C-alpha cells in the first residue's frame, strides 16, 4: 500500500493505493496544515510502504508533510516528484523542464498511460487554470496559464472599489445584476480559453478536465469532455510503480 499526496496552491489532497485502485482521503486546506493535524488525519491509515509527494505550493509545506509522515511511519520511503525533461513516456516542452509544475507533469504522465496514447488537451480548473497539450507520441506541446474562476473574482474585488467578492454561482450569459455579471464573465472567459485552444487541436484529440471547478466548466463546453479528478494521483501511482 502506498500513500499519494498532492499539495496544491490551496489545499492538500491524498489517497491510498490498494490492489491497483485509488482510495481517496479527506482534503485539508493549506491554511489548516500542521504536523498535529496531519498526524490526526493519518493516524488510522495502514502504514504505507512508499509515499509520493507532489507540491506546487510553498516548499515548507512539503517539508512539513514529509516530517509528519516520517514520524508516523519511520520505515516509509518518500519520493518527491520533480518535473523532468523526458521520463515515463513523456517529453517535456519546457526550456527549463523543472519549472513545469509537478501537478501538470503528473497529469501528462497519467494521460499518456491511461488514455490510449491519444493526443490530448489537459485542463486543470483549480486555483489557476492550466492548459497543456500532448501529442500522440507523448510529446508535450507546451501550455497556457490564467487565473482560476475564484482568483479572477478575487482580483476584481481587490482592484476595484465598487466590485465586491461574491462566491455564489450563476448561469452564464448576460446578467441583470453585478454579482451574476462577474460570475458569468469569469466562467465565460474560462470556457472561451479552453474552446479556443481545443479547436486548433487534431480531430482525434481528447479534452480532459481535472481540478475543483472541472465539473462546472465541463458542463458548459461545446465539446465532448472527460472529467478525471484523479489525474495527479494516477500520475503519482505510475511514477511509484515504474520507479520500483
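Can you give me the Kirkwood hydrodynamic radius for the chain, using every pair of distinct Cα atoms, in Å to one decimal?
Computed over the chain, the radius equals 19.0 Å.
Compute the angle between helix 231-243 and the longest alpha-carbon principal axis of the chain, please, reported from 0 to 90 degrees and rounded to the nearest 10.
The angle comes out at about 30 degrees.
Pull up the DSSP beta bridges for the chain and report the antiparallel fraction as a percent, rounded to 5.
So the antiparallel bridges amount to about 60 percent of the total.
Report the gain in length on full extension from residue 179 to residue 145: 0.36 nm times residue separation, minus Cα-Cα distance, nm rounded to one decimal.
Stretched fully, the residue 179-residue 145 segment lengthens by 9.8 nm.
Could you compute Rg(Cα) / (2.2 N^0.38 Å) for segment 1-46, with N its residue count?
Computed over Cα atoms of segment 1-46, the ratio equals 1.15.
Treating the angle as unsigned and between 0 and 90°, give the value, to the nearest 10°, between the Cα long axis of helix 59-72 and the longest Cα principal axis of the chain.
40
Relative contact order for the chain: what percent, with Cα pairs under 8 Å and sequence separation of 6 or more?
17
Select from 203, 219, 148 the residue whose mean-square fluctuation is largest in a Gaussian network model of the chain (Cα-Cα springs shorter than 10 Å).
Of 203, 219, 148, the Gaussian network model singles out 203 as fluctuating most.
Once Rh for segment 2-80 is found with the Kirkwood sum over Cα pairs, what is the Stokes-Einstein diffusion coefficient at 37 °C and 0.692 mPa s, in µm²/s?
For these conditions, the coefficient is 264 µm²/s.
Taking only the Cα atoms of segment 117-230, how large is their convex hull per residue, in Å³?
99
Order of 27, 88, 233 from fewest to most other C-beta atoms within 10 Å?
Ordered by Cβ neighbours within 10 Å, fewest first: 27, 88, 233.
Just to confirm the number: angle between the C-alpha axis of helix 102-114 and the first principal axis of the chain, 0 to 90 degrees, nearest 10?
Between helix and principal axis, roughly 80 degrees.
Among 205-216, 57-68, what's the highest-first ranking by average C-beta atoms within 10 angstrom per residue?
Order by mean packing, descending: 205-216, 57-68.
Every number here is computed from the coordinates shown, using simple stated rules; none is lab data. Please read all numbers here as calculations on a predicted model, not as lab measurements. Don't worry about glycine lacking a Cβ; one is built from the backbone with ideal geometry, like all the others, and counts go over all protein chains shown.
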